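Comments concern the structure below.
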Amino acid sequence: PILLPNVRGSILAKVVEYCVHHKHDARLNKEVADLIQDDGVVEAWDRGFMDVDDSTMLQILYAADYLGVEPLVDLGCLFIARIIRHMPVGEIRQRFGVVDDFTSAQREQIRHETERLK
């Protein structure tokens, strides 16, 4: 038996489904993934595959990363990026359960450091 303690059976089935569908595909080029701006570049099957609730999407992403399925990691990151790209930080935190545990001083330091990047 192969132990996969970090991957639920239903999520492993989704990862296997993705791998079976893409078994003959060339690996998704990271540069192409970085440049994707619209749904026309992602095939309809992949859009349907990623049409799941946030929790399932994150579990698929974690499982793909754990199992080394890089094209699925790229796809998952792309979909999450599309979800959050125009969201305010507070809304992202609420939607994905991200706790804001920075102190006021840490927040100020981050603001100061990121101002130089603008």
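The values are calculated or read from the model by the stated rules, or taken from the named source; none is laboratory data. Just so you know, these numbers come straight off a predicted model, no measurement behind them. Backbone-built Cβ (ideal geometry, glycine too); neighbour counts: all protein chains shown. Just so you know, the surface numbers come from the protein's heavy atoms only, side chains and all, with ligands and any DNA or RNA stripped out. Shrake-Rupley method; radii C 1.70, N 1.55, O 1.52, S 1.80 Å.
Restricted to the stretch 1-19, and to residues that are within 18 Å of the chain's Cα centre (by Cα) and touching a residue at least 60 places away in the same chain (Cβ under 8 Å), which residue is nearest to Asp46 (Cα to Cα)? So the residue we want is Val7. Evaluated against (1) open to solvent by 50 Å² or more (accessible area, probe 1.4 Å); (2) at pLDDT below 90, Gln94 falls short on exactly one condition, (2). The set of residues in the stretch 1-17 being part of a loop (DSSP other than H, G, I, E, B), touching a helix residue (DSSP H, G or I) at 6+ places or on another chain (Cβ under 6 Å) and of a type in the set (Val, Ile, Thr) consists of Val7 alone. Of the numbered criteria (1) touching a residue at least 12 places away in the same chain (Cβ under 8 Å); (2) farther than 22 Å from His24 by Cα; (3) among the charged types (D, E, K, R), the one Arg111 fails is (1). Could you check Asp25 against (1) modelled with pLDDT under 95; (2) outside any loop (DSSP other than H, G, I, E, B) and say which number it fails? So Asp25 meets the others, but not (2).
Yes or no: Val41 hydrophobic (A, V, I, L, M, F, W, C), at pLDDT below 90 and more than 27 Å from Leu4 (Cα to Cα)? Spelling it out, Val41 is indeed hydrophobic (A, V, I, L, M, F, W, C), at pLDDT below 90 and more than 27 Å from Leu4 (Cα to Cα). Among the residues of the stretch 74-83, is any farther than 26 Å from Glu17 by Cβ and within 13 Å of the chain's Cα centre (by Cα)? Scanning the stretch 74-83 turns up no residue that is farther than 26 Å from Glu17 by Cβ and within 13 Å of the chain's Cα centre (by Cα). Considering the stretch 51-72, the residues that are open to solvent by less than 30 Å² (accessible area, probe 1.4 Å) and of a type in the set (Val, Ile, Thr) include one that is modelled with the lowest pLDDT, namely Val69.
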